[in-house]
Amino acid sequence: MLSILIAVAFASSALAGDLFPRFKGVAPVNNAKYESECGSCHFAYQPGLLPSRSWRKLMEPRELEDHFGDNAEMEESERIAILDFLISHAAETSWYKRSTKINRSVHKGQTPLRITETRYIKRKHEEIPRKMTLDNPKVRSLSYCNNCHMRAADGVYDDDTVRIPNFPAWDD
Amino acid sequence: MALVVISIQCAGQAIGQDLRMPGHGSYSGYSLLPSDSIYLAQNDSGTPAYSASAEENPFRESWFTANKIHGYLGLSSLILAGVAAATAPDDDDGAAVQSNRGTHHNAATAAAALGAASATSGFILHWDDVNLENGILDRDNLHMLLGVLATAGFIAAVSQAPEESHAGLGMAGGVAMGIGIVLEW
């Protein structure tokens, strides 16, 4: 019995990531330029949420002129630096579980420009009632990851860290 | 123990239901009804401001969620399998055989039981993560397969002991459990 308790205590500490770093979500953002340039207007989506071809397309100067309805043009040197960061940490380069699953879910001929268009993300959210997401005034769109995923900034997107605004009793 | 778990869960839910008004300068500790909260949010025409709420009401991850318990069970099973391997009696040493057999047997039995509990909870909690369309090399699929094989190995090892072959089954189960856990780490 004592050995079981010790084992559980060790397991809980390990699962908390105190003992070993975890690779279950996506790699957190570790680039100050990307966080300041892109994260100042919207959640700084981790590069591991899309394949590199999507980031290349999104970061084209013409695309940035109309970045989902906003002008997101930037200095060429900054654009290149951010693009390098995004490509070098894109979904297909990552060992993190959700990045690998996202990458596998995107067909080779596809270049999704929205994370919410990838099959994996669609499947993970398809059972959540619309009233909790699109019709929820404090969520409005699946694009606002950090409105519900409380540890999204850390790259953690598991069920345990979901708290849907206006729906405190939400359960998976 | 059950009471402790229940009280922690209740406390966690209480934190989750705290609907204090976010970003209100003169806030002095009163609470809003859920309907008020929705009403206020509907009047908010700007971008969602839930991040402000999150700053004032920081998220605290619970230690006792179904997912975490599944993880504790699996890891504990692996650790106890390691204990069983480390305390395997050496037949050359008669005294050690007597003292180790109890620990070895108990740890192995507990590893098998916890492995079975982990596999069962995994099926219940994560059945929708297993999708054979993604191929057997999909990490979730492999995790499930290895978890089941590991548990089967542990159970077979315990049931076949003290036959010599039981050690191989136990070790194979331990390797399968270890890889299965690493895949989901």
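Every number here is computed from the coordinates shown, using simple stated rules; none is lab data. Here the structure is a predicted model, which is why all the values come from computation and not from measurement. Glycine gets a Cβ as well: all are built from the backbone with ideal geometry, and neighbour counts include every protein chain shown.
Remarks
- GluC sites (Glu not before Pro) within the range A:1-80, DSSP loop, no more than 16 other Cβ atoms inside 10 Å: A:73, A:75
- Rounded tilt (10° steps) of A:76-88 against the dominant C-alpha axis of chain A: 40 degrees
- The share of alpha-carbon pairs in the range A:22-161 lying farther apart than 17 Å comes to 61%.
- Of interest is the spacing of the C-alpha centroids, which for the range B:147-170 and the range A:1-41 amounts to 33 Å.
- Average Cα contact separation per residue, chain A, under 8 Å, 6 or more apart, as relative contact order %: 22 percent
- For the range A:38-105, relative contact order (Cα pairs under 8 Å, six or more residues apart, normalised by length) works out to 43 percent.
- The simple Förster model, with R0 at 51 Å and r as the Cβ-Cβ distance, assigns residue A:2 and residue A:60 a FRET efficiency of 0.25.
- For the peptide A:8-17, the mean number of other protein chain Cβ atoms found within 10 angstrom of a residue's Cβ is 6.
- When the charge dipole of the range A:52-172 is built from unit charges on Cβ atoms (+1 for Lys and Arg, -1 for Asp and Glu) and taken about the Cα centre, the candidate among A:109, A:74, A:94 whose Cα reaches farthest toward its positive end is A:109.
- Qualifying GluC sites (Glu not before Pro) in the range B:109-185, where qualification requires a DSSP coil assignment and no more than 16 other C-beta atoms within 10 Å, comprise B:163, B:164.
- Distance violations [Cα-Cα > 28 Å] among A:33/B:68; A:97/A:122; A:124/B:68; A:57/A:131: A:33/B:68; A:57/A:131
- Angle in degrees between helix A:2-15 and the longest Cα principal axis of chain A, rounded to the nearest 10: 10 degrees
- Electrostatic dipole magnitude of chain A [Cβ: Lys, Arg +1; Asp, Glu -1; Cα centre; debye, to 20]: 740 debye
- 10 Å Cβ neighbours from other chains, averaged over peptide A:102-109: 1
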